[in-house]
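Worksheet: the structure to be examined is printed underneath.
The values are calculated or read from the model by the stated rules, or taken from the named source; none is laboratory data. Worth saying up front: this structure is predicted, and the values here are computed from it rather than measured. Neighbour counts run over all protein chains shown; Cβ positions are idealised from the backbone, glycine included. The accessibility values were calculated without ligands, DNA or RNA, using every heavy atom of the protein model including side chains. Shrake-Rupley method; radii C 1.70, N 1.55, O 1.52, S 1.80 Å.
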Amino acid sequence: MTEVAFHFNAPDRLGYACRLLRKAYLKGARLLVLVDDGERAALDAALWTSVVGEFLPHSGPNDPPHVQAHSPIHLASATDHDHGASVLVNLRAEMPPGYGRFARVIEVVTNDEGDRSHARERWKRYKAQGIEPQRHDLKLAPQE
């Protein structure tokens, strides 16, 4: 069964996503990141610049298929293709379709009340499907 974790109180969605993706990448994970089309370019740029002297290898839907196939991190607006990822990171307001194909789903939630409201709805839907989501409050977590 898919493990679902909500990371609440992210002060900056894209900044937190970069740190999360870096940590997972360094552990050897392959990730699919669901991000709205309007935020994808900003996340792409942040992955190039988030850590001085480092690049987090990633691809997007406009990259050639061979680049997508070899990228450990793929940015997308849909889960049509999992790109070999075992971890799905959801930065969108909607419930990720096909999330059950992934071993783990990480939901990133900011302090914005609209974002929190959407997260509560996703939490309820996961529970209705028999999944007990984990809660990680970033306000209480030690900063890396």
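Observations on the model:
- 222 nm mean residue ellipticity, helices alone, for the chain (DSSP H n ≥ 4; -39,500 (n - 2.57); rounded to 500): -10500 deg cm²/dmol
- Amide H contacts under 5 Å for Ser77, placed H, 5+ residues apart: Val35
- Residue-by-residue Karplus 3J(HN,Hα) for the stretch 119-125, coefficients 6.51, -1.76, 1.60, Hz, glycine and proline x: 5, 4, 5, 5, 4, 4, 5
- Restricting the calculation to alpha carbons of the stretch 50-94 gives Rg and Dmax of 11.5, 34 angstrom.
- Per residue, in Å², the accessible surface of the chain once ligands and nucleic acids are set aside, probe 1.4 Å: 53 Å²
- 5 angstrom amide H check on Gln134, placed H, neighbours 5+ away: Val4, Ala5, Phe6
- Working note: Karplus 6.51/-1.76/1.60 with θ = phi - 60° gives the stretch 83-89 the couplings 6, x, 6, 9, 10, 10, 10 Hz, where Gly and Pro are set to x.
- Of the residues Arg13, Arg40, Arg125, the one that moves most in a GNM of the chain with alpha-carbon contacts below 10 Å is Arg125.
- With the simple model of a label 7 Å out from the Cα in the direction of the Cβ, Arg135 to Asp80 spans 3.7 nm.
- Pairs of alpha carbons in the stretch 94-144 whose separation is greater than 13 Å (percent): 64 percent
- Put a plus charge on the Cβ of each Lys and Arg, a minus charge on the Cβ of each Asp and Glu, and nothing anywhere else: the dipole of the chain about its Cα centre is then about 480 debye.
- Local charge for Ala128 was computed over the other residues whose Cβ lies under 15 Å away, with Lys and Arg +1 and Asp and Glu -1, and equals +3.
- When you restrict to C-alpha pairs under 8 Å that are six or more residues apart and normalise by the size of the stretch 58-144, the relative contact order lands at 17 percent.
- Here Lys124 is the anchor, and the aspartates and glutamates within straight C-alpha reach of less than 12 Å, apart from those fewer than 8 places off in the same chain, are Glu132.
- Percent antiparallel among DSSP beta bridges (both partners in the stretch 14-144, rounded to 5): 0 percent
- Accessible surface of the chain, 1.4 Å probe: 54 percent of it comes from carbon and sulfur atoms.
- Considering only Ala42, Gly98, Pro65, the residue lying farthest towards the positive end of the dipole of the chain is Gly98, judged by Cα position with unit charges set on Cβ.
- Using every pair of separate Cα atoms, the Kirkwood estimate puts the hydrodynamic radius of the chain at 15.4 angstrom.
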